[in-house]
Amino acid sequence: MSDHVANEFLHIVIRPLEGCFHRVVSASLRFFGTLVVIGATLGTYADGATPWSQHTIDNTLNGADGVKLLDVDGDGKLDIAAAWEESGKSRLYLNPGARDALYQPWPYIDVGQAQGVEDAALADVDGDGRTDVISSGTGSFRRMKDELRMTIHFAPTTGDYRDPKGWTTASFSEAVAGRSRWMYSVAIDVNRDGHLDIVSGGRYRQGSWPAKIGWFQAPAQKKRDLSRWRFHTMGEAGWIMSLVGQDMEGDGDVDLVVSDRKVGKEIDLRGARWLENPGNTEQQKKPWKNHIIGSVHQEVMFISMSDMDNDGDLDTVVPNLKPSGITWYERLDHSGDSWRAHRVDYHSNLGIPKAIEVADINCDGKPDLVLTWEASTVWPNCGSGVASSFFPTSHGGWIYES
């Protein structure tokens, strides 16, 4: 692999095998067109000194961006959806299962075109029992009228799931979705009517329309007809990096945890916060109340939620681009309004943290932090070796041991 890829890792996803053993870390390299799987069984790397093996599963497109993991075909193995921004399409990679094949390029489905796609999410949008792909896009830089920025790729209802000819692509019109540039989406049944809705966050670009966080309300029938969906604004935004559906106050409704990295058109909500689901259907169609978690007015990136202190509730781990560093916020009460900041001893010369996940990597019963970074001054050309308590996973990714 070329050493040019060292500073371009963006996303990271971890899934356990059995107990605390972990098999797959999925990351994307944006500019150099590579999607990689970094795999290890911990017994092989228990000393923390040996770099994890990196396996490229696709390098035929440009701009691998957001990645998601889910068993889409029911074979018990995790598959991967990836957004290829510069190539303008989303792909679904089907886990080949066999050990030798796992470390080679994976078979894939080109599910469809998506303008400026930033993120590919997985969900059964139309309720037919098959997993679809949601592409969130920013459109072209020319700001063409009625650009197709929010796109759903529907899997074939019957027949071969792997046949790309059976997939159909539909996009929300400007009349439904507005002119927002969409960065990230999650599928949540917002109003608990039994139908999955889509919650999306946008990005503000100078001279463009304000960015929003909002939800696309699914119709009860004919979900593939996107003109039947209705969009409701939950609040303004600057540049959404993360959306996490989580019941934050125990009332049974799914609230929304957000990381927002930039100043918006008329507001500054940079930092980590959560939006309270008002519960009532009509109130859900209006802006939701913001609750601050932390990193206020800082340029935050892809956050993670985990019980860091083993007290039974979820804390929030936040990587900051500016100022560079990592902070985890301890939840102090049931309300979700009281948080205590804990600064992680992060050496800034290792690079600027981008994305973070929490997992017990070395099986000691404590949560460890796995992160991706850019602009390292320690290994500017590639980045491998051991520094303090950081375990190298590959070029551009580290594990911090608690």
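Restricting region 219-259 to residues that are farther than 27 Å from residue 354 by Cα and among the polar types (S, T, N, Q), which is surrounded by the fewest Cβ atoms within 10 Å (Cβ to Cβ)?
Among residues in region 219-259 that are farther than 27 Å from residue 354 by Cα and among the polar types (S, T, N, Q), the one surrounded by the fewest Cβ atoms within 10 Å (Cβ to Cβ) is 221.
Those residues that are open to solvent by 50 Å² or more (accessible area, probe 1.4 Å), among the acidic types (Asp, Glu) and within 15 Å of the chain's Cα centre (by Cα), I need them from region 60-108; list them, please.
Selection gives nothing.
I'd like the residue in region 317-337 that is in a loop (DSSP other than H, G, I, E, B) and on the phi < 0 side of the Ramachandran plot and, out of all such residues, is most open to solvent (accessible area, probe 1.4 Å).
Within region 317-337, the match that is most open to solvent (accessible area, probe 1.4 Å) is 334.
Checking the structure you have, find out if any residue of region 222-236 is in contact with a His (Cβ under 9 Å, 6 or more places away or on another chain) and part of a loop (DSSP other than H, G, I, E, B).
Yes, region 222-236 has at least one match.
From the set of residues in region 178-209 that are over 17 Å from the mean Cα position of the chain (by Cα) and either under 28 Å from residue 93 (Cα atoms) or among the polar types (S, T, N, Q) (or both), which is surrounded by the most Cβ atoms within 10 Å (Cβ to Cβ)?
The qualifying residue surrounded by the most Cβ atoms within 10 Å (Cβ to Cβ) is 180.
Taking region 106-123, which residues are in a loop (DSSP other than H, G, I, E, B) and either farther than 18 Å from residue 73 by Cβ or touching a helix residue (DSSP H, G or I) at 6+ places or on another chain (Cβ under 7 Å) (or both)?
Answer for region 106-123, where residues must be in a loop (DSSP other than H, G, I, E, B) and either farther than 18 Å from residue 73 by Cβ or touching a helix residue (DSSP H, G or I) at 6+ places or on another chain (Cβ under 7 Å) (or both): 114, 115, 116.
Take residue 273 and decide whether it is charged (D, E, K, R) and open to solvent by 40 Å² or more (accessible area, probe 1.4 Å).
Values: charged (D, E, K, R): yes; open to solvent by 40 Å² or more (accessible area, probe 1.4 Å): no.
No: the conditions fail for residue 273.
How many of the residues making up region 256-270 are in contact with a strand residue (DSSP E or B) (Cβ under 8 Å, 6 or more places away or on another chain) and free of Cβ contacts under 8 Å to residues at least 40 places away in the same chain? Let's see the steps before the verdict.
Just the residues of region 256-270 that are in contact with a strand residue (DSSP E or B) (Cβ under 8 Å, 6 or more places away or on another chain), to begin with: 256-262, 264-267, 269-270.
With the extra rule that they be free of Cβ contacts under 8 Å to residues at least 40 places away in the same chain, the set shrinks to 267, 269-270.
Residues flagged as in contact with a strand residue (DSSP E or B) (Cβ under 8 Å, 6 or more places away or on another chain) and free of Cβ contacts under 8 Å to residues at least 40 places away in the same chain within region 256-270 amount to 3.
From the residues in region 148-162 that are over 20 Å from residue 65 (Cα atoms) and touching a residue at least 12 places away in the same chain (Cβ under 8 Å), which one is most open to solvent (accessible area, probe 1.4 Å)?
Among residues in region 148-162 that are over 20 Å from residue 65 (Cα atoms) and touching a residue at least 12 places away in the same chain (Cβ under 8 Å), the one most open to solvent (accessible area, probe 1.4 Å) is 162.
The values are calculated or read from the model by the stated rules, or taken from the named source; none is laboratory data. Since the structure is predicted, the reported quantities are computational estimates derived from the model, not experimental observations. Heads up, the Cβs are rebuilt from the backbone with ideal geometry, glycines too, and the neighbour counts pull from every protein chain shown. Keep in mind that these areas ignore ligands, DNA and RNA; they rest on the heavy atoms of the full protein, side chains included. Shrake-Rupley method; radii C 1.70, N 1.55, O 1.52, S 1.80 Å.
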